[in-house]
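Presented below is the structure to which this report refers.
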Amino acid sequence: MNLLISAGEASGDLHAARLLAALRRERPDVRAFGMGGARLEAAGLERIVSSDELSVVGISEVFAKLPALRRALSRLAGEARRRRPDGAVLVDFPDFHGLLARRLRLAGTPLVYYVPPQVWAWRRRRARRLARRARRIITLFPFEADLFRRLGADAVWAGHPIVDDVRETLALPSPLPAKARRRLALLPGSRDAEVARHWPAMAEAASRLAARHGLELVAARAPHLPEALFDGAAARGIRLVSGAVPHLLASADLAFVASGTATLEAALCGAPSVVMYRTSGLTYAVARALVRLRWISLVNIVAGEEVVPELLQRRATAAELEREGEAILSSPERTAAMRAGLARVAAALGPPGASERAAQQVLEALGPRAEGAPAERRAAR
């Protein structure tokens with residue numbers, strides 16, 4: 001079986017790498033080419049396009065990457081026409097993959113979406129196009145599969161691979177020193193722009209709370225980020241650690257977390273959290289006009305209620321972080337209620353083995369028995 005696999009962004013690369021490894025365990029003859037990062041390449045992808053240079057945050061940042069995105073799109077579509085793969089698996093990276101899917105469909109390449117675009121948040125008309133185009137849609141959250149099935153898609157819920165990521169990491173010895181006092185974890189993000197926007201407020205609020213409560217302060221630094229981005233960490237008594245996020249969250253009495261996948265890690269580790277996010281003014285204005293969600297953090301979206309407080313844009317300040325942090329640290333009752341809510345979210349992410357279940361769905365959808373599947377016949381019409 002020869003597949004085109006395409007993933008953008010660090011999280012998509014990780015999900016796709018786990019998927020490809022699981023596919024090859026099931027079917028050692030599986031070969032794959034396409035777009036991805038270092039993890040996907042290490043899992044066996046013949047990397048035609050590197051996703052590392054295409055990562056963007058927000059709308060205003062896209063324009064500088066347009067030439068590279070166009071080149072990547074043309075290269076992948078051209079290779080698909082030349083190699084005629086048995087199918088394509090598109091992972092996350094919604095706008096780019098929407099354009100690629102159109103070209104692949106014209107070339108007659110069967111499509112499977114894994115980690116489909118979050119059409120439940122915005123651009124809901126896109127969900128109908130996805131339902132028509134995809135032979136199968138494999139989702140991380142159960143409510144996503146329900147949404148696509150209501151639109152007539154062949155959609156299945158596989159669960160979230162982060163469950164395995166956290167479980168496997170916590171099974172390893174912790175690189176952190178033993179905790180001598182209550183610990184406040186700072187997770188400002190995994191991209192330069194995110195850290196630049198979040199770190200000053202997080203660091204200031206953390207140092208104020210530490211002075212009152214005698215907290216130990218530890219910040220997570222993504223391995224590819226320079227320490228210079230974490231200005232003043234040493235002066236404030238903040239220890240920087242790399243590659244130990246689950247261990248850090250599992251030991252935290254409180255965490256300041258940039259909105260994203262890290263909020264789900266916090267849920268799985270039971271870390272009481274305050275979620276914050278700041279982006280460019282243009283990106284935020286467009287998002288406010290398009291997004292139809294009450295919350296932005298995945299924890300609250302999955303729960304369907306506010307489990308953790310959210311601080312966005314103008315509210316994402318040191319003073320607001322300090323106020324929310326103080327309320328949690330000073331209230332054992334609120335901490336217990338938050339941990340209970342986080343446990344409910346963790347259970348909703350599904351059991352271990354999500355990548356293996358997703359691989360089985362890919363093989364079933366693209367194998368010989370799937371020819372003429374109902375979803376594809378609808379797309380042909």
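The table below gives the values:
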{"item": "Test: residue in segment 145-163 that is modelled with pLDDT of 95 or more and more than 27 Å from Gly98 (Cβ to Cβ)", "result": "yes"}
{"item": "Unique match (being touching a helix residue (DSSP H, G or I) at 6+ places or on another chain (Cβ under 9 Å), closer than 24 Å to Ala343 by Cβ and part of a helix (DSSP H, G or I)) among Leu209, Leu248", "result": "Leu248"}
{"item": "Candidates Ala234, Ala228, Ala262, Ala196, filtered to the one that is in the same structural domain as Glu324 (by TED's automatic domain parsing), crowded, with 19+ Cβ neighbours inside 10 Å and either farther than 23 Å from Leu349 by Cα or among the aliphatic types (A, V, I, L, M) (or both)", "result": "Ala262"}
{"item": "Matching residues in segment 182-192 - criterion: being at pLDDT below 95 and part of a loop (DSSP other than H, G, I, E, B)", "result": "Gly189, Ser190, Arg191"}
{"item": "Residue under evaluation Arg236, criteria (1) farther than 15 Å from Leu184 by Cα; (2) outside any strand (DSSP E or B); (3) modelled with pLDDT of 95 or more, criterion not met", "result": "(1)"}
{"item": "Hits in segment 142-168 - residues which are of a type outside the set (A, V, I, L, M, F, W, C) and in a loop (DSSP other than H, G, I, E, B)", "result": "Gly152, Asp154, Gly159, His160, Pro161"}
{"item": "All positions within segment 210-219 that are closer than 17 Å to His198 by Cβ and in contact (Cβ under 8 Å) with a residue 40 or more places away in the chain", "result": "Val218"}
{"item": "Matching option when the condition is in contact with a His (Cβ under 9 Å, 6 or more places away or on another chain) and modelled with pLDDT under 95, among Ala316, Ala358, Ala379, Ala370", "result": "Ala316"}
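The values are calculated or read from the model by the stated rules, or taken from the named source; none is laboratory data. Bear in mind the structure is a predicted one, so any value in this text is a computation, not a measurement. Heads up, the Cβs are rebuilt from the backbone with ideal geometry, glycines too, and the neighbour counts pull from every protein chain shown.
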